[in-house]
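Chemist: Okay, handing you the structure first.
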Amino acid sequence: MHQTVENLIQIEKLVKSKEKNLNLQKSPTIIAVSKTFKLDQIFPLIEYGHSDFGENKVQEAIDKWSTIKKQKTNIKLHLIGKLQTNKVKFAVKIFDFIHSIDSKKLAKKVVDEQSKQNKKVKVFLQVNLGNENQKSGVDKEDLKDLYFYCQEIELNVIGLMCIPPLELDPVIFFKELKRLSDSLGILELSMGMSSDYLKAVENFSTFLRIGSSIFGNRN
């Protein structure tokens, strides 16, 4: 069995054991974050039956996944990196989920593009909970306004996403994102990466973005 598959199975077991104590309505979706990794490392996971993969860059996703997605219609592709407005057309075409909507301008661009392509994408609003200048995300104070705008223009917002500051305890931010999602009546939470995904499960994350724990360290 390929190492990536062994790693994924181990993660699935750890997540399952956490779930038992939490009485969750459904298991979190594990997104295998395949950015920068070549297809020979990804194929064993596809053969194993894994269907959710994450990419950071639109162009890389198009180059890697266009053919495979036509062959394997069960594959769901998640954009977890920053989306620039000039790449929206291509992002809507290849991705099934976008985790990084953080402005009205971007939301409107996605809606316009969806109607041109006659395709609906599921989106998360990225919230910058650590108020970090270098990170994308809508400010917590502006989240409600952005969410209601997205409802007005009929963008399919299914959840909230955050990337906690590296040097701080992620649990504070996971709890805060859960509180915000509950206050808006949003069901899905995209939070938790290789270093903290079990803590994210404990705080009711529904989408885990796991890269290096599956694929190993990036070059």
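Chemist: Identify, please: which residue in the range 119-131 is assigned to a loop (DSSP other than H, G, I, E, B) and of a type in the set (D, E, K, R) and is, among those, surrounded by the fewest Cβ atoms within 10 Å (Cβ to Cβ)? Steps first, answer last, please.
Modeler: Here is the first cut: in the range 119-131, the ones assigned to a loop (DSSP other than H, G, I, E, B) are 119-121, 128-131.
Still in the running and of a type in the set (D, E, K, R): 119-120.
Numbers: LYS119: 12, LYS120: 14.
Ranking the candidates gives LYS119 first.
Chemist: If you take the residues in the range 81-110 that are of a type in the set (A, V, I, L, M) and out of contact with any Ser or Thr (no Cβ under 7 Å at 6 or more places or on another chain), which one is nearest to SER51 (Cα to Cα)? Please lay out each step first, then the result.
Modeler: Keep residues of the range 81-110 that are of a type in the set (A, V, I, L, M), which gives 83, 88, 91-92, 94, 98, 101, 106-107, 110.
With the extra rule that they be out of contact with any Ser or Thr (no Cβ under 7 Å at 6 or more places or on another chain), the set shrinks to 88, 91-92, 98, 101, 107, 110.
Values: VAL88: 23, ALA91: 18, VAL92: 18, ILE98: 16, ILE101: 23, ALA107: 26, VAL110: 24 Å.
By that ranking, first place goes to ILE98.
Chemist: Sticking with this structure for a sec: Quick check: is even one residue across the range 40-47 out of contact with any strand residue (DSSP E or B) (no Cβ under 9 Å at 6 or more places or on another chain) and either surrounded by 14 or more Cβ atoms within 10 Å (Cβ to Cβ) or hydroxyl-bearing (Ser, Thr, Tyr) (or both)?
Modeler: Pass one, the range 40-47, residues out of contact with any strand residue (DSSP E or B) (no Cβ under 9 Å at 6 or more places or on another chain): 40-41, 43-44, 47.
Within this subset, residues satisfying the condition of being either surrounded by 14 or more Cβ atoms within 10 Å (Cβ to Cβ) or hydroxyl-bearing (Ser, Thr, Tyr) (or both) are 41, 44.
Yes, that holds for at least one residue.
Chemist: Follow-up. Has the range 50-57 got at least one residue that is loosely packed, with under 14 Cβ neighbours inside 10 Å, out of contact with any Leu (no Cβ under 6 Å at 6 or more places or on another chain), farther than 16 Å from SER212 by Cα and modelled with pLDDT of 95 or more?
Modeler: Here is the first cut: in the range 50-57, the residues loosely packed, with under 14 Cβ neighbours inside 10 Å are none.
No, every residue in the range 50-57 fails to be loosely packed, with under 14 Cβ neighbours inside 10 Å, out of contact with any Leu (no Cβ under 6 Å at 6 or more places or on another chain), farther than 16 Å from SER212 by Cα and modelled with pLDDT of 95 or more.
Chemist: What are the pairs with Cβ atoms under 7 angstrom where one residue, in the range 109-128, is within 10 Å of LEU155 (Cβ to Cβ) and the other, located anywhere, is charged (D, E, K, R) and crowded, with 20+ Cβ neighbours inside 10 Å? Sequence gap at least six, or different chains.
Modeler: Cβ pairs passing all conditions: LEU125/ASP102.
Chemist: Follow-up question, since we're still on this one. Among the residues of the range 61-71 satisfying the criterion of being exposed (fewer than 15 other Cβ atoms within 10 Å of the Cβ) and not polar (S, T, N, Q), which is farthest from SER136 (Cα to Cα)? Explain how you work it out, then say what you get.
Modeler: Of the residues in the range 61-71, the ones exposed (fewer than 15 other Cβ atoms within 10 Å of the Cβ) are 63, 66-67, 70-71.
In the following step, the residues that additionally are not polar (S, T, N, Q) were identified as 63, 70.
Values: ASP63: 25, LYS70: 31 Å.
Ranking the qualifying residues of the range 61-71, first place goes to LYS70.
Chemist: Does LYS199 qualify as being over 17 Å from ASN128 (Cα atoms), among the charged types (D, E, K, R) and surrounded by 16 or more Cβ atoms within 10 Å (Cβ to Cβ)? Steps first, please.
Modeler: Values: over 17 Å from ASN128 (Cα atoms): yes; among the charged types (D, E, K, R): yes; surrounded by 16 or more Cβ atoms within 10 Å (Cβ to Cβ): yes.
It is true that LYS199 is over 17 Å from ASN128 (Cα atoms), among the charged types (D, E, K, R) and surrounded by 16 or more Cβ atoms within 10 Å (Cβ to Cβ).
Chemist: When you go through SER103, SER115 one by one, which is the residue that is surrounded by 15 or more Cβ atoms within 10 Å (Cβ to Cβ) and either closer than 27 Å to LYS178 by Cβ or out of contact with any helix residue (DSSP H, G or I) (no Cβ under 7 Å at 6 or more places or on another chain) (or both)?
Modeler: On the way: SER115 fails: surrounded by 15 or more Cβ atoms within 10 Å (Cβ to Cβ).
None of the other options fit; the residue is SER103.
Chemist: If the requirement is being in contact with a strand residue (DSSP E or B) (Cβ under 6 Å, 6 or more places away or on another chain) and either of a type outside the set (D, E, K, R) or within 17 Å of ARG209 (Cβ to Cβ) (or both), which of these qualifies: LEU8, LEU14, LEU83, LEU106? Outline the logic, then answer.
Modeler: Details: LEU8 fails: in contact with a strand residue (DSSP E or B) (Cβ under 6 Å, 6 or more places away or on another chain); LEU14 fails: in contact with a strand residue (DSSP E or B) (Cβ under 6 Å, 6 or more places away or on another chain); LEU106 fails: in contact with a strand residue (DSSP E or B) (Cβ under 6 Å, 6 or more places away or on another chain).
Matching residue, one of LEU8, LEU14, LEU83, LEU106: LEU83.
Chemist: Okay, next question. Scan the range 92-105 and report the pairs whose first residue is on the phi < 0 side of the Ramachandran plot and touching a residue at least 12 places away in the same chain (Cβ under 8 Å) and whose second residue is of a type in the set (Phe, Trp, Tyr) and surrounded by fewer than 24 Cβ atoms within 10 Å (Cβ to Cβ), with Cβ atoms within less than 6 Å and a gap of 6+ or a chain change.
Modeler: Every condition considered, the pairs that remain are LYS104/TYR149.
Chemist: For the range 137-161, give me the residue count where each residue is within 21 Å of VAL171 (Cα to Cα) and crowded, with 18+ Cβ neighbours inside 10 Å.
Modeler: Step one: filter the range 137-161 for residues within 21 Å of VAL171 (Cα to Cα), giving 137-141, 143, 159-161.
Then drop every residue that is not crowded, with 18+ Cβ neighbours inside 10 Å, which leaves 137-138, 143, 159-161.
Counting residues in the range 137-161 that are within 21 Å of VAL171 (Cα to Cα) and crowded, with 18+ Cβ neighbours inside 10 Å gives 6.
The values are calculated or read from the model by the stated rules, or taken from the named source; none is laboratory data. From a predicted model like this one, the values you see are computed outputs, not experimental measurements. Counting neighbours? That spans all protein chains shown, and the Cβs are built from the backbone with ideal geometry, glycine included.
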